[in-house]
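The values are calculated or read from the model by the stated rules, or taken from the named source; none is laboratory data. As the structure is a prediction and not an experimental result, all values here were calculated from the model. Here the Cβ is made from the backbone with ideal geometry for all residues, glycine too, and neighbour counts use every protein chain on show.
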Ligand SMILES: Nc1ncnc2c1ncn2[C@@H]1O[C@H](COP(=O)(O)OP(=O)(O)O)[C@@H](O)[C@H]1O
Ligand SMILES: [Mg+2]
């Protein structure tokens, strides 16, 4: 196991942000931490990256203890933070150079290495522009390039597409997929976008209130719900009768909407509609990670923007000195 | 080895940013010149200190003032680094906190020395020549500024907002400057002021530079220098400690 976490806990005063998490992540895996804002994803990542000291538990990264062997851990990892972390008065190239020197990349092949990663993220022709002239997506790519510069075994990406527009997000996903193909690198992604976790990750841990709710591959999690999702807008559902139908696996109700997990939904839908009463609208879909989240927590994984997203932060602090 | 190149990298970044932020330089140079020409010029037209024109007398003090304000204010940039996640990027690198602190100190020292140099360019206006003393003046400035920059960085490492930082350093800056002998001679002070002035490290910086520039000093220059070295060493130790303890 490349990363082994047991009982990892972080308390801020009385508040438990990360509550006794266990993880084991294999070499070469793309592993996702999926959960809503405030679930404790960033805190977990910071502990794995030696930036925060765990209150309790142990974490081994690349075989090194994050507390006792923090230097070795830091040499093994690259990290792209949730918030912008490049100096916007420096050019893209200069930011990478700074990083390379801090990680002791020999002067001799500095240029070559920097160009390598710039090519990977498609920023060669913008390398001499100051970062303040970059768009949010470019800045994110630069920071991914920077995270790869010292050839880490493990790359942490904290909300890699937070605050990016859908098109840029699509691009970013392609870059990450490419990366996985080109470099044999283990990636840990945190996200509160279920499509992102679904598309990029081999396995995910769903995290809520600092606890891991379930860990598995997205496909397995979805198929284990045991059917398709029928969602109906209805005022007075006859749930008693619905409960007697054998092919209905699960019934959820959230604000005026009834969600049923149904085997062979295509075939059984007419009978359901007849039984439940008069519905205002109905929708049928294959399970998503949102449904999985709902199944385990009883709540929706909302797609709301995180507070102080990447791009807001990047622009807020533009005029800083 | 990577500690050394890391030290260089951190210094280089600070230096590049300094060169690109002209406003940073302008503000810290205008202020001392204002004091020198308006306050010094006004009082200098009717006062002299031990035969030295008042304006000339305060000139070394104004150089220290310029470095003092910019050195301590330099700590604000670490608060900005915190606001962005840039500081995390530095702290997650495989470098010791000591290296990071020293790299920052060197960056601040470079900025302040450049500012001092610009103010020293006008020395001929006051009929002051440095000769070989110039090297000694830089040595004294280097040691003094190292301590002052450390003060700023220590405060910066503890603060979360630039406003909070600004508030705290204004309580540090002004006493250090006004109670340093930059604006008055030390030989005839009332006891309470004399005591406070002698406890102020900036006093010895002003005194040594005045001795090296004008040939008049209250203490021996060697004495000043040794005290400054002790002051700066102590602050480097405290600063390293503060950086180790620094939370994100
Ligand atoms: N330094 C801190 N002090 C106090 N509370 C914190 C601190 N950092 C994070 N938290 C709290 O811990 C919880 C988890 O935060 P975080 O790990 O950032 O969540 P996520 O990344 O999943 O959105 C949040 O409720 C947050 O307010
Ligand atoms: Mg987060």
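Taking segment A:1-24 as the range and being away from ligand 1 (no atom under 16 Å from the Cβ) and assigned to a strand (DSSP E or B) as the test, the residues that pass are A:3, A:4, A:6, A:7, A:22, A:24. Being farther than 30 Å from residue A:141 by Cα and at pLDDT below 90 holds for only one residue in A:255, A:290, A:268, and it is A:255. Taking residue B:158 as the residue in question, decide whether it is under 30 Å from residue B:44 (Cα atoms) and away from chain A (no Cβ under 14 Å). No. Of the candidates B:248, B:214, B:227, the single residue that is within 16 Å of ligand 2 (Cβ to nearest atom) and surrounded by fewer than 21 Cβ atoms within 10 Å (Cβ to Cβ) is B:248.
Matching residues to (1) more than 16 Å from ligand 2 (Cβ to nearest atom); (2) in contact with a helix residue (DSSP H, G or I) (Cβ under 8 Å, 6 or more places away or on another chain); (3) free of Cβ contacts under 8 Å to residues at least 60 places away in the same chain:
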position: A:2; (1), (2), (3): yes, no, no
position: A:5; (1), (2), (3): yes, yes, yes
position: A:18; (1), (2), (3): no, yes, no
position: A:23; (1), (2), (3): yes, no, no
position: A:28; (1), (2), (3): yes, no, no
position: A:41; (1), (2), (3): no, no, no
position: A:45; (1), (2), (3): no, no, no
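Hey, can you tell me all the residues within segment A:20-54 that are more than 18 Å from residue A:159 (Cα to Cα), surrounded by fewer than 18 Cβ atoms within 10 Å (Cβ to Cβ) and away from chain B (no Cβ under 14 Å)? Answer for segment A:20-54, where residues must be more than 18 Å from residue A:159 (Cα to Cα), surrounded by fewer than 18 Cβ atoms within 10 Å (Cβ to Cβ) and away from chain B (no Cβ under 14 Å): A:20, A:22, A:24, A:26, A:27, A:28.
Residues of segment B:194-204 include at least one that is closer than 30 Å to residue B:90 by Cβ and touching a helix residue (DSSP H, G or I) at 6+ places or on another chain (Cβ under 9 Å).
The set of residues from segment A:93-139 being in contact with a strand residue (DSSP E or B) (Cβ under 8 Å, 6 or more places away or on another chain) and either crowded, with 18+ Cβ neighbours inside 10 Å or more than 14 Å from chain B (Cβ to nearest Cβ) (or both) comprises A:127, A:131. Scanning segment B:13-64 for residues that are within 14 Å of chain A (Cβ to nearest Cβ) and in contact with a helix residue (DSSP H, G or I) (Cβ under 7 Å, 6 or more places away or on another chain) gives B:13, B:14, B:15, B:16, B:18, B:24, B:25, B:28. Taking the numbered list (1) assigned to a helix (DSSP H, G or I); (2) within 16 Å of residue A:295 (Cα to Cα); (3) touching a helix residue (DSSP H, G or I) at 6+ places or on another chain (Cβ under 6 Å) in turn, residue A:242 passes all entries but (2).
Scanning segment B:45-54 for any residue that is more than 28 Å from residue A:102 (Cα to Cα) and either at pLDDT 90 or above or within 20 Å of the chain's Cα centre (by Cα) (or both) turns up at least one such residue.
Scanning segment A:55-80 for residues that are assigned to a loop (DSSP other than H, G, I, E, B) and either more than 16 Å from ligand 1 (Cβ to nearest atom) or surrounded by 23 or more Cβ atoms within 10 Å (Cβ to Cβ) (or both) turns up A:62, A:63, A:66, A:67, A:68, A:69. Quick one: would you say residue A:205 is assigned to a helix (DSSP H, G or I), within 16 Å of ligand 1 (Cβ to nearest atom) and either more than 14 Å from chain B (Cβ to nearest Cβ) or buried (at least 23 other Cβ atoms within 10 Å of the Cβ) (or both)? Against the criterion (assigned to a helix (DSSP H, G or I), within 16 Å of ligand 1 (Cβ to nearest atom) and either more than 14 Å from chain B (Cβ to nearest Cβ) or buried (at least 23 other Cβ atoms within 10 Å of the Cβ) (or both)), residue A:205 does not qualify. Among the residues of segment A:78-90, those identified as farther than 14 Å from residue A:132 by Cα, in contact with a strand residue (DSSP E or B) (Cβ under 7 Å, 6 or more places away or on another chain) and at the interface with chain B (Cβ under 8 Å from one of its Cβ atoms) are A:79, A:81, A:82.
Is it the case that segment A:153-165 has a residue that's in a strand (DSSP E or B), more than 14 Å from chain B (Cβ to nearest Cβ) and either in contact with a strand residue (DSSP E or B) (Cβ under 9 Å, 6 or more places away or on another chain) or away from ligand 1 (no atom under 16 Å from the Cβ) (or both)? Looking through segment A:153-165, none of the residues is in a strand (DSSP E or B), more than 14 Å from chain B (Cβ to nearest Cβ) and either in contact with a strand residue (DSSP E or B) (Cβ under 9 Å, 6 or more places away or on another chain) or away from ligand 1 (no atom under 16 Å from the Cβ) (or both). Between A:51, A:45, A:33, A:98, the distinction of being part of a helix (DSSP H, G or I) and within 16 Å of ligand 1 (Cβ to nearest atom) belongs to A:45 only.
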